[in-house]
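Below you'll find the structure, written out as structure tokens, and then a few comments.
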Amino acid sequence: MPAVTARQAAVSALVKVNTQGAYSNLVLNETLKKSGLSPADSSFASRLFYGTLERRLTLDHVINHYSKKPVSKLTPAVAEILRTAVYQLLYLDSVPDSAAVNEAVGLTKKMKAASASGFVNAVLRNFLRDEKKIPQIKGNRLKKLEVRYSCPQWLIKTLLEQYDEPSTLAMLEHSLDRPPLYVRVNTTKISVEDCIARLEAEGVQVQKDPDLQGCLLLSGTASIEKLAAFSEGLFHVQDKSSQLCAAALDAKEGQRVLDTCSAPGSKSFTTAEKMGDSGEVISCDIFEEKIKKISEGAKRLGLNSISAKLQDGTVFCPDLGEFDRVLCDAPCSGIGIIGRKPEIKYKKQQELADLPQIQKKILDTASRYVKKEGILVYSTCTLLREENDQVIEAFLSQHTEFEPCSLPQEVREAAKLTDPAAWKVTLFPQMADTDGFFISCVKKVR
């Protein structure tokens, strides 16, 4: 018998994310590893965990209507037990209402919160009595959108100011769905067709991406790391938007490439594969643990051209020399990946205020490594203009030795750009079912 139930695993992981500020994917993976749950129960726990996290503000609106004490004042365990239960009642038709309520009440006892069992039962029974209707939302339109999309008002307001309303609302709607799983074929080891055959032989459903060579969409796999094709280094996990970012470098065989903020290393891996594992790719990061993971990933893929190096992106290191291609995928707010890591959208606006200055400093430093006629790509996984367009345009105004450079044709076509001179693009998740991403390309001309 497993040590915990699927619901208990989900609640425990949610408590950790919301009290420790930990990354959702890392917390859930660690929790499931220790749980001893079956693949089916692990899948349910995962769905419950991410669904509850994605809809947290909507769920809190419901709970606050039926509870005399606001969710913010409840103990973390009780808050997450209620959230997961309301999520099941609202969004999981496969779960009987009685099971959602009874299991929630039972969880209070398993998680040392037995004194709250009557309270939990009352909140859920009253919600059922009202036929599971979302309580009336009092407030302005932003408040209504906050509850509808479970997204803080400040973020919705910012996006509506920077983009048109249909694009913003479509992005928010898309963020409530589980993201697709894309991988990149390691073409230094296997052809795309042979890799597809290997994956299908292991029971994985595979779709070839129509826009990007070597990009595959996977489904029907419980654990990527348990696949023999993964262990043999035949592919690595990488969202399509990130693959497009690597393609923007347009790296050629034998060139020197610097990836200034590399972890977890997927863009370096794709670049090395595109170069036929020739030349040199130096992958830098500021954390020793991440450098180790990059090295392990390169070893699994058999990519000998990659060297992982501990290096602060804000500090210039002349010993590294000059490079034909430099990728500056800067640390950012991550607003483009809230569908993948929902906890990001609950950050306070002030927590993000210093990011543009950090990004400018990293970009300035990265530019010093670019040789004449070399290419510099600046990218982020956010949609906020102050971290994207405004950073690269400020850079160009201060660095006249660089000029905008057209994105490679492969990137323009995949991003549905019609202008052959397009040098930057903001990818919205709903455009091609990818992460939200910003990519810009400049060239050192003097």
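The values are calculated or read from the model by the stated rules, or taken from the named source; none is laboratory data. Since the structure is predicted, the reported quantities are computational estimates derived from the model, not experimental observations. Every residue, glycine as well, gets a Cβ built from its backbone with ideal geometry; the counts of neighbours run over all protein chains shown. Surface accessibility is based on the protein's heavy atoms, side chains included, excluding ligands, DNA and RNA. Shrake-Rupley method; radii C 1.70, N 1.55, O 1.52, S 1.80 Å.
Counting only heavy atoms of protein chains, what accessible area per residue, in Å², does segment 31-95 have with a probe of 1.4 Å?
On a per-residue basis, segment 31-95 sits at 43 Å².
As a quick test, which of the pairs LYS189/LYS424; LYS292/LYS345; LYS143/LYS361; LYS33/LYS293; LYS33/LYS109 have an alpha carbon distance above 26 angstrom in this structure?
LYS189/LYS424; LYS292/LYS345; LYS143/LYS361
The list [x] 21.4; [y] 23.4; [z] 25.7 gives values of Kirkwood radius over Cα pairs in Å, and only one came from this structure; which label was calculated from it?
[y]
Mind checking the angle between helix 153-162 and the chain's longest principal axis? C-alpha axes, 0 to 90 degrees, to the nearest 10.
Orientation of helix 153-162: about 40 degrees from the principal axis.
Report, in degrees rounded to the nearest 10, the 0 to 90 angle that the Cα long axis of helix 6-20 makes with the longest principal axis of the chain.
On a 0 to 90 degree scale, this one is about 60.
Which length gain, in nm to one decimal place, applies between GLU165 and THR75 when the Cα-Cα distance is subtracted from 0.36 nm times their residue separation?
28.7 nm
Would you mind checking which residues have amide H under 5 Å from VAL281's amide H? H placed 1.01 Å from N; only 5 or more apart, or other chain.
Distant-sequence amide H within range of VAL281: VAL257, ILE306, SER307.
Does a label point 7 Å from the Cα of ALA40, set along Cα-to-beta-carbon, have any residues of segment 73-104 with amide nitrogen under 15 Å, and which are they?
Of the residues in segment 73-104, 94-96 have backbone N under 15 Å from the label point off ALA40.
Under 5 Å between amide hydrogens, which residues at least 5 positions from GLY265 or on another chain qualify, with H placed 1.01 Å from N in the peptide plane?
Hits under the 5 Å cutoff: none.
If I stretch the segment between ASP194 and ARG178 completely, what's the gain in nm (0.36 nm per residue apart, minus their alpha carbon distance), one decimal?
So the chain would gain 3.0 nm between ASP194 and ARG178.
Can you work out the PRE-style zone for GLU296? Point 7 Å along Cα to Cβ, and I want the residues of segment 307-348 with backbone N under 20 Å.
Only 307-311 pass the distance filter.
Rank HIS399, HIS236 by accessible area, highest first, at a 1.4 Å probe radius?
Ranking HIS399, HIS236 by accessible area, largest first, yields HIS399, HIS236.
What is the distance in Å between the Cα centres of segment 275-299 and segment 309-349?
Each part's Cα centre sits 15 Å from the other's.
With a 1.4 Å probe and all protein chains left in place, how much of the accessible area of the chain comes from carbon and sulfur atoms, in whole percent?
50 percent
Determine the per residue accessible area of segment 204-250 with all protein chains present and a 1.4 angstrom probe, expressed in square angstrom.
Value returned for segment 204-250: 39 Å² of accessible area per residue.
In sequence order, what are the phi-derived ³J(HN,Hα) couplings for segment 236-251 according to the Karplus relation 6.51 cos²θ - 1.76 cosθ + 1.60 with θ = phi - 60°, rounded to whole Hz, with x for glycine and proline?
These are the phi-based 3J(HN,Hα) values: 9, 6, 6, 4, 4, 4, 5, 5, 5, 4, 5, 5, 5, 5, 6, 5 Hz.
222 nm [θ] for the chain, helices only, -39500 (n - 2.57) per DSSP H run of 4+, per residue, to 500?
One gets -14000 deg cm²/dmol as the mean residue ellipticity at 222 nm.
From the phi angles alone, apply the Karplus equation (6.51, -1.76, 1.60; θ = phi - 60°) to segment 336-343 and give each ³J(HN,Hα) in whole Hz, x where the residue is Gly or Pro.
x, 10, 5, x, 8, 10, x, 4
Determine which aspartates and glutamates satisfy two conditions relative to LYS133: a Cα distance under 15 Å, and not lying fewer than 8 residues away in the same chain.
Answer for LYS133, where 15 Å is the Cα cut-off: ASP60, ASP93, ASP97, listed by chain and number.
Ranked from the most accessible area to the least, with a 1.4 Å probe and all protein chains present, what is the order of ASP324, ASP312, ASP354, ASP419?
Per-residue accessible area, sorted high to low, gives ASP354, ASP419, ASP312, ASP324.
Before I look further, what does segment 272-368 give for accessible area per residue, probe 1.4 Å, in whole square angstrom?
46 Å²
I'd like the distance separating the alpha-carbon centroids of segment 201-265 and segment 107-182, in whole Å.
Result: 33 Å between the Cα centres.
Return the distance in nm (one decimal) between the two label points of a simple spin-label model at LEU217 and GLN390, each offset 7 Å from Cα along Cα→Cβ.
3.4 nm
Using the Cα gyration tensor of segment 84-217, with a ≥ b ≥ c the square roots of its eigenvalues, what is the shape: rounded (a/c below 1.5), prolate (a/b larger than b/c) or oblate (neither)?
Oblate shape, in that a/c is at least 1.5 and b/c is the bigger or equal ratio.
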